[in-house]
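Please read the structure below before turning to the comments.
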Amino acid sequence: MTRPKNDTFLRALLREPVEYTPVWLMRQAGRYLPEYCETRRRAGNFMNLCKSPSMACEVTLQPLARFELDAAILFSDILTVPDAMGLGLYFAEGEGPKFERPLREEWEIRALAPPDPYDHLRYVMDAVKEIRKALDNSVPLIGFSGSPFTLACYMIEGGASDDFRRVKTMLYDRPDLLHHVLDVTTRSVISYLNAQIESGAQAVMIFDTWGGALSHRAYREFSLAYLQRIVAGLTKEHDGERVPSIVFTKGGGLWLEDIAAIGCDAVGLDWTSSLAESRRRVADRVSLQGNLDPIALFASPEAIAAEARRVVDDFHSAGPGGGHVFNLGHGISQFTPPQNVSALVNAVHEYSRQFHRS
Ligand code: CP3
């Protein structure tokens with residue numbers, strides 16, 4: 001049994017008592033940190049950084065050296081899985097992620113196969129092991145993957161998209177083909193996340209960044225059903241400890257009850273949801289993670305602290321009890337001044353203590 005010295009994050013996910021509200025930030029290792037930019041420059045490009053376990057470990061630890069964060073998140077990307085399926089991921093400067101071989105023809109889709117995580121994604125497993133060693137049980141390590149629908153968006157569009165025209169056209173014209181992509185991707189994600197857990201990830205998060213772009217009906221059929229299969233297939237316990245799972249559908253607040261019913265331990269919320277209302281709807285089933293607007297981090301330290309207190313108050317206004325992990329409602333902006341993150345983390349820790357005295 002190897003619970004980290006600071007296991008506040010794991011306890012909050014499992015709705016056990018805590019002394020304060022734990023906090024970590026999506027994309028906490030990233031371009032807003034000058035030391036990240038320096039390591040990335042040394043790596044040459046983003047993919048080299050992901051594929052080098054020692055540099056991935058180095059950047060994972062960078063935000064923890066600056067801020068009192070309650071969890072580390074593996075430094076990698078959701079698109080390493082389709083890259084391992086042979087689509088050829090690259091990052092064009094200023095254009096975001098792109099695939100050399102996006103899925104365009106039916107035969108390409110029929111040829112898709114789940115990658116062996118210990119072979120094609122071995123560099124991720126090596127990074128997980130190296131990070132766990134470097135963390136030395138100080139805080140838990142979060143593993144992650146993209147949701148099948150979100151991965152399918154990039155695999156079919158070939159990169160970022162404003163309207164998801166290709167993937168949605170397939171959804172309406174050839175649902176059987178899209179279901180095939182989602183099925184192969186789901187099997188890939190299950191074995192990938194279980195390999196991360198086997199290698200030392202102590203919680204896992206599934207990023208469904210684009211599920212919120214679907215219609216009410218399509219969300220259930222093309223995203224949630226696969227999230228449910230993943231959660232059911234995850235290793236629930238490793239090394240004598242529960243391994244909690246977090247599901248985050250950006251824009252999914254309206255569907256909260258359905259997400260909370262798939263068997264995950266926590267649901268991530270973006271800033272459009274009220275934590276109090278969300279808690280009244282589902283807190284007997286799951287913990288909640290979120291949900292400060294990332295752009296609030298551009299305000300003054302005083303305004304940031306006030307906004308952080310509002311988020312903490314919002315959760316606790318629905319009554320006593322825990323089950324809240326503080327986070328942003330989406331990834332931190334690359335233009336965020338790092339010192340503003342200190343103001344946020346300190347405000348959450350200091351202010352939340354009053355709600356956790358039993
Ligand atoms: O949270 C963390 O610190 C862990 C690392 C992490 C990254 N990407 C590092 C990264 C995680 C969890 C992700 C997830 C991810 N990647 C998502 C889901 C979450 C979300 O933000 O919606 C998505 C959609 C991706 C795909 C992706 N990768 C995008 C859209 C981009 C940004 C492209 C750009 O130029 O703005 C990336 C690149 C990326 N992934 C960066 C980082 C730190 C920046 C790339 C760089 O250093 O040049």
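Whole-Hz Karplus ³J(HN,Hα) for region 123-136, in order, using 6.51 cos²θ - 1.76 cosθ + 1.60 and θ = phi - 60°, x for Gly and Pro?
Karplus-based 3J(HN,Hα) across region 123-136 equals 4, 6, 5, 5, 5, 4, 5, 5, 5, 4, 5, 5, 5, 6 Hz.
Quick check on the chain: of the DSSP beta bridges with both residues there, what percent are antiparallel, nearest 5%?
Percent antiparallel among DSSP bridges in the chain is about 25.
For region 23-273, report the accessible area per residue in Å² (1.4 Å probe, heavy atoms, rounded to an integer).
Per-residue accessible area for region 23-273 comes out at 38 Å².
Report in % the part of the accessible area of region 23-273 that belongs to carbon and sulfur, leaving out ligands and nucleic acids; probe 1.4 Å.
49 percent
Report the local net charge at V124: Lys and Arg +1, Asp and Glu -1, summed over other residues whose C-beta lies under 14 Å from its C-beta.
Around V124, the surrounding residues sum to -3.
Per residue Cα convex hull volume for region 23-273, in cubic angstrom?
122 Å³
What is the gain in length, in nm to one decimal, between Y172 and D284 on full extension, counting 0.36 nm per residue of separation less the C-alpha to C-alpha distance?
My answer for the length gained is 36.7 nm.
Please work out how much length the chain gains when fully extended from R353 to S274, using 0.36 nm per residue of separation minus the C-alpha to C-alpha distance, in nm with one decimal.
This chain segment gains 26.4 nm when fully extended.
Which of G251, G212, G44 moves the most in a Gaussian network model of the chain with Cα springs under 10 Å?
G44
Please report, in debye to the nearest 20, how large the charge dipole of region 23-273 is about its Cα centre when each Lys and Arg carries +1 at its beta carbon and each Asp and Glu carries -1 there.
240 debye
Along the charge dipole of region 23-273, pointing to its positive end and built from +1/-1 on Cβ of Lys, Arg, Asp and Glu, which listed residue (S245, G159, A203) has its Cα farthest out?
Value computed over the given set: G159.
Roll a 1.4 Å probe over the protein heavy atoms and report the accessible area of S352 in Å², nearest 10.
Counting only protein heavy atoms, S352 exposes about 0 Å² to solvent.
Could you list the residues of region 1-28 with an amide nitrogen less than 17 Å from a label point located 7 Å from the Cα of D136 in the Cα-to-C-beta direction?
3-7
In nm, what is the difference between 0.36 nm times the number of residues separating R104 and E307 and their Cα-Cα distance?
68.6 nm
Please give the net charge around A65, taking every other residue with its beta carbon less than 11 angstrom from that of A65, where Lys and Arg add +1 and Asp and Glu add -1.
So the surrounding residues net to -2.
From the protein chains alone at 1.4 Å, what is the descending order of accessible area for D77, D70, largest first?
Result of the area sort, largest leading: D77, D70.
How much accessible area does L177 have with a 1.4 Å probe, in Å² rounded to the nearest 10?
The accessible area comes out at roughly 10 Å².
For the chain, modelled as a GNM with alpha-carbon contacts under 10 angstrom, which of A12, A343, A134 fluctuates the most?
A134
Sorted by accessible area (1.4 Å probe), largest first, how do R132, R104, R357, R42 line up?
I get R357, R42, R104, R132, largest accessible area first.
Once both labels are modelled 7 Å past Cα along the beta-carbon direction, what's the R3-E237 spacing in nm?
In this crude spin-label approximation the distance works out to 1.5 nm.
Give me the net charge for the shell around R280: Cβ to Cβ below 14 angstrom, other residues only, Lys and Arg +1, Asp and Glu -1.
Combined, the nearby Lys, Arg, Asp and Glu give -1.
The values are calculated or read from the model by the stated rules, or taken from the named source; none is laboratory data. Everything numeric here is computed off the predicted structure, so don't read it as measured data. Reconstructed Cβ throughout: ideal geometry from the backbone, glycine too, with neighbour counts over all protein chains shown. Side chains are part of the model used for accessible areas, which takes the heavy atoms of the whole protein and leaves out ligands, DNA and RNA. Shrake-Rupley method; radii C 1.70, N 1.55, O 1.52, S 1.80 Å.
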